[in-house]
Amino acid sequence: MSVATIVDGVAPSIWDAAHDVDARRPRSLQTQLGASDTVCARRAAYILHGTAPTDHADKRAAILGTFIHYGLLESARTEYGWLVERSVQDHLIRGHIDIVQLDAATAVRLPARHRPAIPADALTVEDVKTKSTYMWDRVLRYGATAAELRQVYLYAGALHEEGFEDVPGQRYLSRLGPLDIARIRFRFINRDSGAEHIQEIEFDPQRAAEAQWWVERVREASVPEEMPRDFDGPGLDAICDYCPFRSLCWPGTAPGAPEQTALIHNDADREQALIDYVKGHELASEGDRIKKLARKKLDLSPAGIYGPNRLSWRGGNDEEKDDVEAMVDLHEAASIPVPMKADTDRMVKNLKGAGLPIPRRKTGRKTAAVINVGPA
């Protein structure tokens, strides 16, 4: 337990307490590989080799996500009777599944007091993810990432092959044995607005096997550096920005230089980087050309849903500007000296200082219409 003290009349930051609580969570203390550690092959290899973390990034956003996550899961447990944060383990990973919804045929095998209030139509493994508004459009358009799919397939695969882990508090679940999983569900929660988005897919044993093969490949590495970096590095991917092994994974860069400079070893690397740069420029130019043409074509189209996309507009309002003649009249009426030359900024300042409204007039033009395109 942390001890909070007031120093020089200043209360301690509540985030200090939050970080201490987070550090004591079972997941933070776990040393065995968990499915959530499989976001990157090299990070997973560092964990499997017992490498000590080298970096400790600000975790406030992650802690907020954890608090939201816990509250939602606990509500689902008490109100719906869903199985929440139940542990699974196989020869590769150990961890906790966010939610398991049992179907009627499986639920009836449990003591009555442990059955869900309403069984699911199909046995479902669910993963709850909190996302920022910044990432929300990508979530709506593309759904779960490859790493998120791998994570839930590792847990679902363990449940499919081994069943629930035989540990105190869930032995009655372990007696169910391997479960016939029918569906995987992702429940995305926007942690800024509370918006909810659900993505469902059929459980595929082959994809579970592929996720297990991914972990086996990492376990075979003799040193972590044999495994590839799955992201582009700090400053380009948030996964790398907050990685506990960031300094170890990207060593040897000059102070102030991007970590990616460590990827250049000789002129051949420079040649390839320049080829990539030109290719990226060409792709961006072509993409910009396509967008500009599509924007012109849509200029008279009404807002609405068209296939997978939603079209909306903002702007297009009456344009206004400061009414200089009316401001001169207000100056004279209020006995404020009128500038000898038409100085709009000075007159606006004078009127604001006197507590008077700034007169505006319509120009007869419209503000530019700005297109908004999002997933339907």
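What the table below lists for this structure:
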| item | result |
| --- | --- |
| DSSP beta bridges in the chain [antiparallel fraction, %, rounded to 5] | 80 |
| Sorted peptide list for 313-323, 269-279, criterion being average Cβ within 10 angstrom, highest first | 313-323, 269-279 |
| Which of PRO178, SER312, VAL88, positive extreme of dipole for the chain (C-beta unit charges) | SER312 |
| Computed over the stretch 135-191: relative contact order in percent, which uses C-alpha pairs under 8 Å that are six or more apart | 32 |
| Length gained when the stretch LYS362-GLU325 is fully extended (0.36 nm per residue, less Cα-Cα span) | 12.0 nm |
| Dipole magnitude (debye, nearest 20) for the chain, charges at Cβ of Lys, Arg, Asp, Glu | 1020 |
| Estimated FRET transfer efficiency when R0 is 56 angstrom, pair SER132-THR344 (beta carbons, to 0.05) | 0.90 |
| Nearest-ten-degree value, helix 133-142 long axis tilted from longest Cα axis of the chain | 60 |
| Rounded to the nearest 20 debye, dipole of the stretch 222-268 from Cβ charges on Lys, Arg, Asp, Glu | 140 |
| Cα centroid separation - the stretch 254-294 against the stretch 320-376, whole Å | 46 |
| Potential extension, SER247-GLU79 segment - 0.36 nm per residue separation minus Cα distance | 56.0 nm |
| Gain upon complete extension [ALA146, ILE63; 0.36 nm per residue less C-alpha separation] | 27.6 nm |
| Size of charge dipole - the stretch 127-285 - debye, nearest 20, with Cβ of Lys, Arg +1 and Asp, Glu -1, no other charges | 580 |
| Whole-Å distance, taken between Cα centres, linking the stretch 184-236 and the stretch 131-167 | 7 |
| Structure-derived log10 I(q)/I(0) by the Debye sum over Cα atoms at q = 0.07, 0.08, 0.10 Å⁻¹ - corresponding label in (1) -0.43, -0.55, -0.83; (2) -0.53, -0.66, -0.90; (3) -0.32, -0.42, -0.64 | (2) |
| Dipole of the stretch 252-376, positive end: most advanced residue of MET340, PRO375, ILE264 [Cβ charges, Cα centre] | PRO375 |
| Relative contact order for the chain, counting Cα pairs under 8 Å that sit 6 or more residues apart, in percent | 15 |
| Solvent exposure of the chain as accessible area per residue, Å², 1.4 Å probe | 61 |
| Cα-based Rg of the stretch 164-244 normalised by 2.2 N^0.38 Å, two decimals | 1.57 |
| Per-pair calculated FRET efficiency, R0 = 22 Å: VAL21 and ASP55 via Cβ, rounded to 0.05 | 0.60 |
| Furthest towards positive pole of dipole, GLY157, ALA144, THR133, structure part the stretch 121-160, Cβ charges | THR133 |
| Surface share of carbon and sulfur [accessible, 1.4 angstrom probe, percent] for the stretch 319-376 | 51 |
| Per-pair calculated FRET efficiency, R0 = 35 Å: ALA238 and TRP313 via Cβ, rounded to 0.05 | 0.65 |
| Helix 324-333 vs. the chain, principal-axis angle (Cα, 0 to 90°, nearest 10) | 70 |
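The values are calculated or read from the model by the stated rules, or taken from the named source; none is laboratory data. In this text, all values refer to a predicted model and were calculated from it rather than measured experimentally. All Cβ positions, glycine included, derive from the backbone under ideal geometry; neighbour counts span all protein chains shown. The accessibility values were calculated without ligands, DNA or RNA, using every heavy atom of the protein model including side chains. Shrake-Rupley method; radii C 1.70, N 1.55, O 1.52, S 1.80 Å.
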